[in-house]
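Single-structure report; data block below.
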Amino acid sequence: NAGVTQTPKFQVLKTGQSMTLQCAQDMNHNSMYWYRQDPGMGLRLIYYSASEGTTDKGEVPNGYNVSRLNKREFSLRLESAAPSQTSVYFCASSITGSADEAFFGQGTRLTVV
Amino acid sequence: RKEVEQDPGPFNVPEGATVAFNCTYSNSASQSFFWYRQDCRKEPKLLMSVYSSGNEDGRFTAQLNRASQYISLLIRDSKLSDSATYLCVVNRISGTYKYIFGTGTRLKVLA
């Protein structure tokens, strides 16, 4: 049972480089989310997708773009990485996003130098 | 002010102790409530959902007070394996449902 799978697990980027974080879930969930976690800040929502074909901004969307490729996959793109984007990124999914449990991937540790 | 606030701790307690964590939320439109557990350098995992009537799962008891916008988690007979960060989470609809996390409370259970 894979659940939510994120790739890569670790990444080091130079300032100005771009990259895409991949996320896939095999639970047939409708809603998917991207969070970042920084010390003392908790998990903050970057973008979310309530269903296939829709995406919306969360609390901290600046510097990021997302694509809900299909029901299974939700990618996060950094077009021009900045040191402030050094963080741990978590992808999550839930059936509908209401009273349902959200399941998380193992996270991507990103360092921008 | 953060939408979901928790005491960051750390709470250092001896094995066998009872420990309580509190959480307040500011948005009265919040609809669902959860406690998640996060081990060091791991992803958050659901510990338990929180219902208005209160609910219990073994050594863990969660309470919700909607009038005061307050959520609590009680851990009885603490084990070493309970050492983790406990995240308070609320889910509200604002166009669509979103999970809003508190910053977490660190617990260390000491032998």
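Just so you know, all these numbers are worked out from the coordinates, no wet-lab data involved. Given the structure is predicted, the values throughout are model-derived calculations rather than measurements. Note: ideal-geometry Cβ built from the backbone for every residue, glycine included; neighbour counts use all protein chains shown.
Residues whose amide H comes within less than 5 Å of that of B:Phe11, counting only those at least five positions distant or on another chain, are B:Arg106, B:Leu107, B:Lys108 (H built at 1.01 Å from N in the peptide plane). Between amide H atoms placed 1.01 Å from N, distances below 5 Å from A:Gln17 occur with A:Ala81, all of them 5 or more places distant or on a separate chain. Extending 7 Å from the Cα toward the beta-carbon at both A:Ser18 and A:Asn62 defines two label points whose distance is 2.1 nm.
Reducing the range A:45-113 and the range A:1-33 to their Cα centroids gives an inter-centroid distance of 8 Å.
For the protein assembly as shown, the Cα-based Rg and Dmax, in that order, read 17.5, 51 Å.
Placing +1 on the Cβ of every Lys and Arg and -1 on the Cβ of every Asp and Glu, with no other charges, gives chain B a dipole of roughly 260 debye about its Cα centre.
Do any chymotrypsin sites (Phe, Trp or Tyr not before Pro) in the range B:1-107 lie in a loop, going by DSSP, with at most 14 other beta-carbon atoms within 10 Å of their beta carbon, and if so which? Sparse-neighbourhood loop chymotrypsin sites (Phe, Trp or Tyr not before Pro): B:Tyr51. 3J(HN,Hα) along the range B:19-35, derived from phi through the Karplus expression 6.51 cos²θ - 1.76 cosθ + 1.60 where θ = phi - 60°, amounts to 9, 10, 10, 10, 8, 10, 10, 9, 9, 5, 7, 4, 10, 10, 9, 8, 10 Hz, with x in place of Gly and Pro. Restricting attention to chain B, the count of lysine pairs at 8 or more positions apart or across chains with alpha carbons under 22 Å apart stands at 9.
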